[in-house]
Amino acid sequence: MWTTCSKNRGNTLTSNPSMSNLHGMILVTGATGHVGAEVVARLVALGRPVRAMTRRPAAASVPAEVEVVAGDCDEPASLAKAFEGVEQAFLMTAQPTGSPNLHTVVQVAAAKAAGVKHLVKLSVADGGRHGHELVAAWHQQDEAAVTESGIAHTMLRPGRFMSNTLAWKHMLRRGDTVQVPFSTRRTSAIAPEDIAAVAVAAFTDPPSTSRTLELSGPEALTPEQELAIVGEILGRRLTLVEPTTEQTIDGMARGGMDRELAAKMIEHVLAGDYGADISPVVEQVLGRKPTTFRDWAEKHFKEES
Ligand SMILES: NC(=O)c1ccc[n+]([C@@H]2O[C@H](COP(=O)([O-])OP(=O)(O)OC[C@H]3O[C@@H](n4cnc5c(N)ncnc54)[C@H](OP(=O)(O)O)[C@@H]3O)[C@@H](O)[C@H]2O)c1
């Protein structure tokens with residue numbers, strides 16, 4: 001399956017004939033996140049041994065079969081125990097773009113020390129190359145920690161997540177107006193569940209060489225169109241308001257991003273036209289079409305309303 005569907009983007013090819021014999025412990029970092037939680041659930045459903053890493057094990061809600069381990073990438077020493085005895089690992093970082101002290105670097109160091117054989121790394125579309133030069137450089141460093149590690153890897157490069165629209169929920173509880181930046185920009189958003197399904201395919205059928213997979217949803221929609229779909233699902237007339245640039249920067253700064261970098265990113269996004277390409281990879285790997293925004297939103301917006 002992998003030979004026909006995957007693209008190698010010039011990364012070092014790592015031949016590893018023993019890849020088909022990986023049935024041991026799989027560590028999932030970001031196990032409480034949108035993608036990680038789905039990776040955990042899918043691996044458990046397949047009966048694979050899973051260890052879920054979180055900073056707060058007591059608060060983690062995971063299936064009973066899952067081993068929960070404490071791990072904080074801001075405290076690199078805590079990762080040794082998390083990676084101990086692990087055969088494959090799902091790596092993600094929650095660091096705002098541009099952050100110093102890359103979490104991927106400390107994760108990979110722990111993986112190497114533990115002798116991990118295959119890494120599935122959650123990156124971004126095109127490895128960030130379409131972004132502002134500072135953003136691109138940061139993502140390249142982040143990916144290089146994995147691609148230059150000498151460990152076989154599967155690099156996942158998804159576009160915008162459908163789950164970003166969950167930020168609308170708190171506004172929808174207050175009324176029918178939703179503030180959405182870049183409202184007329186088309187992007188082919190992907191369901192986190194589809195990214196997780198591709199990650200699990202990589203764990204259960206590890207490729208014999210390292211791979212880079214560009215992932216997208218099935219259609220390019222604007223946030224305006226997505227909000228219209230949510231309105232139809234909820235049976236409400238919703239109004240979109242585009243925030244000012246300053247308000248958008250405030251939002252990004254609240255998420256931990258440097259204000260100056262946020263301003264540069266916004267300027268770059270508004271000047272460019274990318275993110276709308278449709279990738280065939282999800283369908284090639286999973287043998288089904290990627291989830292549409294309507295189907296995804298039916299599940300995630302209806303359940304609380
Ligand atoms: N959103 C998008 O449109 C988009 C598009 C392309 C790529 N991406 C990439 O996807 C990733 C986000 O994935 P997601 O949405 O699944 O994440 P998420 O739902 O935001 O979850 C963040 C996860 O990171 C963990 N975490 C936070 N700080 C940590 C630390 N210091 N040490 C260890 N773990 C930590 C959290 O675990 P605990 O709180 O349990 O410790 C949580 O499980 C980012 O790397 C982003 O670049 C996002």
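The values are calculated or read from the model by the stated rules, or taken from the named source; none is laboratory data. On a predicted model such as this, the values are computed, not experimentally measured, just so you know. With ideal geometry, Cβ positions are generated from the backbone for all residues, glycine too; neighbour counts draw on all protein chains shown.
Brief remarks on what is shown
- Meets criteria (in a loop (DSSP other than H, G, I, E, B) and either out of contact with any strand residue (DSSP E or B) (no Cβ under 8 Å at 6 or more places or on another chain) or within 28 Å of Glu260 (Cβ to Cβ) (or both)) for His170: no
- Exclusive hit being more than 9 Å from the ligand (Cβ to nearest atom), modelled with pLDDT of 95 or more and not aromatic (Phe, Trp, Tyr), set Pro49, Pro57, Pro17: Pro49
- Contact map, the stretch 26-46: residues that are closer than 13 Å to Leu119 by Cβ paired with residues that are part of a loop (DSSP other than H, G, I, E, B) and more than 12 Å from the ligand (Cβ to nearest atom), Cβ distance under 9 Å, separation 6+ or inter-chain. Pairs shown: Ile26/Arg48; Ile26/Pro49; Ile26/Val86; Ile26/Glu87; Leu27/Val86; Leu27/Glu87; Leu27/Val116; Val28/Val66.
- Those residues of the stretch 60-90 which are of a type in the set (S, T, N, Q), surrounded by 13 or more Cβ atoms within 10 Å (Cβ to Cβ) and either within 9 Å of the ligand (Cβ to nearest atom) or more than 24 Å from Ser210 (Cβ to Cβ) (or both), in sequence order: Ser78
One line per residue, one yes/no per condition, for (1) closer than 28 Å to Gly128 by Cα; (2) in contact with a Lys or Arg (Cβ under 8 Å, 6 or more places away or on another chain):
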site	(1), (2)
Gly217	yes, no
Thr222	yes, yes
Ile229	no, yes
Arg236	no, no
Glu242	yes, no
Thr248	yes, no
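- Residue within the stretch 177-195 that is free of Cβ contacts under 8 Å to residues at least 12 places away in the same chain and more than 12 Å from the ligand (Cβ to nearest atom) present: no
- Every residue from the stretch 258-296 that is surrounded by 18 or more Cβ atoms within 10 Å (Cβ to Cβ) and under 23 Å from Leu156 (Cα atoms): Met265, Val269, Gly275, Ser279, Val281, Val282, Val285, Pro290, Thr291, Phe293, Trp296
- When Thr165, Thr104, Thr154, Thr93 are screened for being buried (at least 18 other Cβ atoms within 10 Å of the Cβ) and in a loop (DSSP other than H, G, I, E, B), only Thr93 passes.
- Condition check for Val282: under 23 Å from Gln95 (Cα atoms) and modelled with pLDDT of 95 or more: no
- Answer from Ser208, Ser163 - the residue that is at pLDDT below 95 and in contact with a helix residue (DSSP H, G or I) (Cβ under 9 Å, 6 or more places away or on another chain): Ser208
- Identity of the residue in the stretch 107-151, within 15 Å of the ligand (Cβ to nearest atom) and part of a loop (DSSP other than H, G, I, E, B), that ends up nearest to Ile190 (Cα to Cα): Val124
- The stretch 228-283: number of residues that are small (Gly, Ala, Ser) and in contact with a Ser or Thr (Cβ under 7 Å, 6 or more places away or on another chain): 3
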